[in-house]
Amino acid sequence: MLDVLEYICENIDPSLNFRVYLCRDAMCNTCFAKVNGKSRLTCLERVPEGGELVIEPAGNFGLIRDLMVNYSRHSSERQAG
């Protein structure tokens with residue numbers, strides 16, 4: 001899924017914002033997005049063949065822009081708890 005987002009950004013809509021980290025192995029957990037209504041890590045999620053694909057920002061975080069959300073509040077709450 002992350003490759004698809006990068007392709008869109010590089011070839012179709014360069015204004016698309018989403019988090020890209022180099023781990024690509026579910027270690028940083030910062031590439032969460034809702035894919036067809038379910039929270040998924042875009043670095044691990046495979047694009048299904050055929051059908052409609054709906055990608056939305058991850059829930060419970062403040063939206064910055066497009067698919068980019070603010071994890072800082074969540075991070076500080078984890079550290080405090």
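The table below lists the values:
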| quantity | calculated |
| --- | --- |
| Within a Gaussian network of the chain (alpha carbon springs, distance under 10 Å), most fluctuating of 54, 20, 35 | 54 |
| Options 72, 23, 41, ranked by Cα towards positive dipole end of the chain, top entry (Cβ charges) | 72 |
| Entry for Rg and Dmax of the Cα atoms in Å (calculated from the structure that is shown) out of (i) 17.2, 58; (ii) 22.5, 80; (iii) 13.1, 44 | (iii) |
| Exposure proxy order (Cβ contacts within 10 Å, fewest to most) of 40, 24 | 24, 40 |
| Segment residue 46-residue 61, extension gain: residue separation times 0.36 nm, minus the distance between their alpha carbons | 3.1 nm |
| Cα-based helix-to-principal-axis angle, 2-11 vs the chain, degrees rounded to 10 | 60 |
| Exposure proxy order (Cβ contacts within 10 Å, fewest to most) of 18, 61 | 61, 18 |
| Ascending count of other beta-carbon atoms within 10 Å, so fewest first, for 27, 1 | 27, 1 |
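The numbers here are math on the coordinates, done by the rules we state, and not lab data. No experiment lies behind these values; they were computed from the predicted model shown. For neighbour counting, all protein chains shown are included, and Cβ atoms are generated from backbone atoms with ideal geometry for every residue, glycine included.
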